[in-house]
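Chemist: Dropping a structure here in structure tokens format, bear with me for questions.
Nothing in this text is a laboratory measurement; each read-out follows from the coordinates by a stated rule. Here the structure is a predicted model, which is why all the values come from computation and not from measurement. Neighbour counts are summed over all protein chains in view; Cβ atoms, including those assigned to glycine, are modelled from backbone coordinates with ideal geometry.
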Amino acid sequence: MTVRPITEDDLQAFVDERLEATRRTEVEAYLACHPDVSRRVERMRALGNDLRGVFAPVAVEPVPAQLNLAHLVEARRRPRLPAWQAAAAAVLLALGGLGGWGLRGTLSPPMIGVDALAQEASANYSVYAPDHMRPVELAASESDELARWFSARLERRVGVPDLSSSGYRLMGGRLVATPHGPAGLLMYDDHHGTRLVMLMRPMAQPGDVPMREHRSGSAAGYAWAQDGLGYSLVGASDPVGLHTLANEIRRTTATNT
Amino acid sequence: MSDMIRLIEPLIPALRRYARALLHNPTDADDLVQDCLERAISRWHQRRTDGDVRTWLYAILHNLAVSQMRQRARRGSYMPVDDAPEATLAVAPSQDDGLLQRDLTAALAALPEEQRSVLLLVSVEGLSYAETAQVLAIPIGTVMSRLARARDRMIHLMDGENVAPVKRPLLRRVK
């Protein structure tokens, strides 16, 4: 029978008495022929005994009251507050309440309809328009693929509007997430490198919603819905130019669908 | 709730022992165990029910100890064990084996934290290699190599330079 070579792991497990019987016998046989390894193993065993001996008294000491488990559970169930802390808590609660009342205007209920779409478009504009690495995922050369992707995920036929007559070239697009499901993002730029973003997604309500202007920081845009599909065009350019473009898009998409 | 007490309570003496070996100072060690128990009570229902309560508790204790030691190292309030007053050391030395205890505690304190915890969990707390790996969230192979290094280093620190360099088998496990 050939014996598997003895490894350092075997020696450690031998010290800890965790080898199964056969292997233990093999290690013992090895140690019998290697006195220096045997000395090291013995020293490691002695070290273990010494360590256990030093710390053994701790485990038989009476457990201090601070570690009484029942008390700890109890303390957690009924957190008792000193009077001044209770008073401080009351003051903070009152302040919090007043603060909440003061904020009632700014923290309005979640937006719906094209206002929500406008907000989503602005957020995506601020993330993707300044991106130098990969502003779009599919380039303009794959606009057919883009249209197929959007149509599949938005579950309706979606076209890619051509804005070249207004001086804007399609860069490409990507699918993005919104709180209302997937949306198609298209990006355009002009010969100065000024970028525009258009976001499209199905609206909860069918039908048309008239175009309205929206602003968020330095970005401005126009949002509308046509036959249940919402559009929002966002850019940093002047709102007048955007309005003209938005009108053009609405006109072309109306004739396309 | 009584289930929790029944499972945790018998382990408290061992947790105190591990905490004492890690932190030296008995007051700090018991405060650490108290933090550990409070955390265990509040997270009792989040633990994996198929897991072992003992390794779960050691893991909580260990993580608290490590973050405490790191904080202390940042604040720079680390006290070398030689300067520590006798009373704050792990166990007050008694007449005969006082020197040995002092040497052991000092050598233990001089180990890198990652080696110290492996050595203590395996050799003092009696955890299996797999349990130790689980507590420290490291692979078993790492447990084995840290264990060997911890032992060699402890022996080197305690027995000094007059010991012949240790001979290890040339074969190492290849994973």
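Chemist: I'd like the Karplus ³J(HN,Hα) series for segment A:135-142: coefficients 6.51, -1.76, 1.60, θ = phi - 60°, whole numbers in Hz, and an x wherever there's a Gly or Pro.
Modeler: After applying 6.51 cos²θ - 1.76 cosθ + 1.60, I find x, 10, 9, 10, 6, 4, 4, 10 Hz.
Chemist: Based only on other Cβ atoms within 10 Å, what is the fewest-to-most ordering of B:36, A:33? All intermediate terms of the calculation are to be shown ahead of the outcome.
Modeler: Values: B:36 26, A:33 8.
The most exposed by this proxy come first: A:33, B:36.
Chemist: Return B:24, B:45 ranked ascending by Cβ neighbour count within 10 Å, so the fewest neighbours appear first. Don't jump to the answer; show the numbers that get you there.
Modeler: Values: B:24 19, B:45 8.
Ascending number of Cβ neighbours within 10 Å: B:45, B:24.
Chemist: I've got another one for you. Within 10 Å of each Cβ in A:64-75, how many Cβ atoms from other chains are there, averaged over the peptide? Display every interim value, and only then the final one.
Modeler: On the way: counts 7, 0, 6, 11, 4, 9, 4, 0, 7, 9, 0, 2.
What the average comes to for A:64-75 is 5.
Chemist: Another question, if that's okay. Report, in degrees rounded to the nearest 10, the 0 to 90 angle that the Cα long axis of helix A:113-128 makes with the longest principal axis of chain A.
Modeler: Computed tilt is about 60 degrees.
Chemist: To continue, here is another question. Given R₀ = 30 Å, FRET efficiency for residue A:238-residue A:132 by Cβ-Cβ distance, to 0.05? Kindly include the intermediate steps, with their values, before the conclusion.
Modeler: Numbers: r = 24 Å, r/R0 = 0.80.
So, using R0 = 30 Å, E works out to roughly 0.80.
Chemist: Do the sum for the protein assembly as shown: with -39,500 (n - 2.57) for every DSSP H run of n ≥ 4, divided by all residues, what is the mean residue ellipticity at 222 nm, to the nearest 500 deg cm²/dmol? Can you show the working numbers first?
Modeler: Working: 16 runs with 230 residues, N = 432.
The helix contribution divided over the protein assembly as shown gives -17500 deg cm²/dmol.
Chemist: Fully extended, how many nm does the chain gain between residue A:112 and residue A:77 (0.36 nm per residue separation, minus their Cα-Cα distance)?
Modeler: Numbers: separation 35, 0.36 × 35 = 12.60 nm, distance 4.24 nm.
Full extension from residue A:112 to residue A:77 adds 8.4 nm.
Chemist: So, in nm, how far is label residue A:95 from label residue B:9 when the simple model puts each one 7 Å beyond its Cα toward the Cβ?
Modeler: Placing both labels 7 Å along Cα→Cβ, they lie 4.3 nm apart.
Chemist: Would segment A:113-256 count as rounded, prolate or oblate if I go by the C-alpha gyration tensor, calling it rounded below 1.5 in a/c and otherwise prolate when a/b exceeds b/c, oblate otherwise? Please report the intermediate quantities before stating the final value.
Modeler: Working: a/c = 1.27, a/b = 1.09, b/c = 1.16.
Here segment A:113-256 falls in the rounded category.
Chemist: Now for a separate question. Each label point is 7 Å from the Cα along the Cα-to-Cβ direction; what then is the distance between the points at residue A:213 and residue A:191, in nm?
Modeler: Roughly 2.8 nm, to one decimal.
Chemist: Once the dipole of segment A:177-257 is set up with Lys and Arg at +1 and Asp and Glu at -1 on Cβ about the Cα centre, which of A:205, A:254, A:242 lies farthest towards its positive end?
Modeler: Farthest towards the positive end: A:205.
Chemist: Averaging the inverse of every distinct alpha carbon separation and then flipping it gives the Kirkwood radius. What is it for segment B:97-166, in angstrom units?
Modeler: Numbers: mean 1/r = 0.0792 Å⁻¹.
Roughly 12.6 Å, rounded to one decimal.
Chemist: Would you mind giving the mean number of other chain beta-carbons within 10 Å of the Cβ of each residue in B:146-152, as a whole number? Write out the running numbers ahead of the final one.
Modeler: Numbers: counts 0, 7, 6, 0, 1, 10, 4.
Neighbouring Cβ atoms belonging to other protein chains average 4 per residue here.
Chemist: Evaluate E = 1/(1 + (r/R0)^6) for residue A:156 and residue A:123, where r is the Cβ-Cβ distance and R0 equals 25 Å; express this FRET efficiency to the nearest 0.05. Mind showing how you got there, number by number?
Modeler: Working: r = 23 Å, r/R0 = 0.92.
Given R0 = 25 Å and the Cβ-Cβ separation, E is 0.65.
Chemist: Here's something else I'd like to know. Shape of chain A from its Cα gyration tensor (a ≥ b ≥ c, root eigenvalues): rounded if a/c is under 1.5, otherwise prolate when a/b > b/c, or oblate?
Modeler: On the way: a/c = 4.27, a/b = 1.90, b/c = 2.25.
Oblate is the answer for chain A, as a/c is 1.5 or above yet b/c matches or exceeds a/b.
Chemist: Okay, moving on. What is the magnitude of the charge dipole of the protein assembly as shown about its Cα centre, with +1 placed on the Cβ of each Lys and Arg, -1 on the Cβ of each Asp and Glu, and no other charges, expressed in debye to the nearest 20?
Modeler: Details: 51 positive and 51 negative charges, 79 e Å.
Value, rounded to 20: 380 debye.
Chemist: A further question follows. Could you give the length gained on full extension between residue A:24 and residue A:61, defined as 0.36 nm per residue of separation minus the Cα-Cα distance, in nm?
Modeler: That works out to 9.8 nm of additional length.
Chemist: Considering every residue in B:102-111, what mean count of other chain Cβ atoms within 10 Å of its Cβ is obtained?
Modeler: If you average over the peptide's residues, the count of other-chain Cβ atoms is 2.
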